[in-house]
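The values are calculated or read from the model by the stated rules, or taken from the named source; none is laboratory data. All figures in this text were calculated on a predicted structure; none of them were measured in a lab. Cβ atoms come from the backbone with ideal geometry, glycine included; neighbour counts cover every protein chain shown.
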Amino acid sequence: MPARLKKTTKTSVVKADQASTEPVSDSNRSGASAETSVTANGPGMSAFPQTVARVPGQAERNWKSHQQRTARIRRLLGLSLPVLLLGLWQLSAALEWIDTTFYGSPVAAIGELWSLLTSGLLLDHLVVTLRRLLIGFVGGATAGVVVGLLLSQFKWLHAAFEPLLRAMYVVPKLALLPVLLLVFGLGDTPKVLFIGLGVFYLVGFMTLGAGALVPKEFHEAATAYGLSRAQRFRWLVLPATLPQIVSALRIASGNAVLLVVAVEFVSSSSGIGYLTWQSWQLFRPDRMYAGILTIAAIGVTFSLLVGALGRRLTPWAEDSQHT
């Protein structure tokens with residue numbers, strides 16, 4: 001190699017090493033184009049992009065505290081609207097914006113509720129309603145989950161029973177009550193069956209839909225790994241459908257409260273629904289509103305209990321169960 005070419009190459013290498021060790025000037029950092037600053041560990045070493053450090057937020061630094069604070073805010077928001085409506089109702093009654101003879105007031109309704117509670121009358125009717133509600137809900141939900149899972153996994157069962165169930169589902173449940181009373185008499189059996197039917201159809205169809213949505217590729221992969229039908233159900237179908245089943249149970253819990261009150265309105269001599277309807281017939285609005293408040297408390301409490309049980313059963317789907 002000529003001496004002049006060797007000298008030029010050596011000079012270029014030295015200049016490149018010096019340039020790699022010089023810090024980037026402030027003017028280059030604040031340039032119009034977004035360029036990444038570079039550094040090097042020493043002469044002759046290749047440059048690499050500067051690492052950008054991300055500072056974690058408050059929720060990431062203390063996740064448990066953040067979750068608890070979020071839950072408290074949600075509970076506060078959930079309570080604020082009912083309290084505001086009750087306050088507006090009481091204010092309207094106090095200022096005589098409404099006729100308290102017909103519409104009453106929260107103070108009068110709560111006073112009547114306390115009177116019913118201390119006399120034991122409310123507790124007697126409450127026990128009857130809760131017994132019908134729990135038996136009907138548990139029986140209907142269990143049958144709905146079992147039937148829905150079976151129909152979703154066996155095509156011949158789905159083809160045989162799904163049209164009949166679909167036809168029965170669209171029939172109003174109150175239209176079936178006279179048939180149940182005719183067959184089973186005037187006791188608690190037709191009332192429990194009436195509640196159970198309403199829960200069964202809702203839970204059954206939602207479970208059927210959840211089971212049918214499990215991807216076919218998942219079943220093929222499980223079969224390729226040698227899992228039996230029972231093992232696929234235990235380790236694939238059940239975990240995949242359980243969050244939707246829990247959602248169905250929460251919806252069905254509110255529906256069950258509606259059904260138990262409806263059947264006590266039209267065919268019962270006991271229960272919270274009967275107490276509320278009788279108060280309307282006797283024109284006792286304070287007692288009627290006390291019954292309505294009791295029904296609302298039953299519905300909210302029952303839904304919360306079912307939701308809490310669902311979160312225990314599906315901890316992996318907890319983030320999707322805040323509703």
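Only one of these is without any contact (Cβ under 8 Å) to a residue 60 or more places away in the chain and either within 15 Å of ILE195 (Cα to Cα) or touching a helix residue (DSSP H, G or I) at 6+ places or on another chain (Cβ under 8 Å) (or both): THR294, THR241, THR301, THR276. Name it.
Residue meeting the stated conditions: THR276.
I'm trying to understand the selection: among the residues of the range 74-123, which are in contact with an Asp or Glu (Cβ under 6 Å, 6 or more places away or on another chain), in a helix (DSSP H, G or I) and not acidic (Asp, Glu)?
Within the range 74-123, ALA108, ALA109 qualify.
If SER268 passes every condition in (1) closer than 18 Å to LEU134 by Cβ; (2) modelled with pLDDT under 90; (3) surrounded by fewer than 15 Cβ atoms within 10 Å (Cβ to Cβ) but one, which one does it miss?
The single condition SER268 does not satisfy is (3).
Is it true that some residue in the range 83-103 is closer than 12 Å to ALA290 by Cα and among the polar types (S, T, N, Q)?
No, the range 83-103 has no match at all.
Between GLY196, GLY226, which is out of contact with any Lys or Arg (no Cβ under 6 Å at 6 or more places or on another chain) and not in a helix (DSSP H, G or I)?
GLY226
I'd like to check something: does the range 217-228 contain any residue that is touching a helix residue (DSSP H, G or I) at 6+ places or on another chain (Cβ under 6 Å), under 28 Å from VAL83 (Cα atoms), of a type in the set (Gly, Ala, Ser) and in contact (Cβ under 8 Å) with a residue 12 or more places away in the chain?
no
Kindly provide the set of residues from the range 189-216 that are over 21 Å from the mean Cα position of the chain (by Cα) and either surrounded by 18 or more Cβ atoms within 10 Å (Cβ to Cβ) or among the hydrophobic types (A, V, I, L, M, F, W, C) (or both), ordered by number.
PRO190, LYS191, VAL192, LEU193, PHE194, ILE195, GLY196, LEU197
Identify, by number, the condition in (1) in contact with a Gly (Cβ under 6 Å, 6 or more places away or on another chain); (2) within 30 Å of GLN281 (Cβ to Cβ) that THR241 doesn't meet.
(2)
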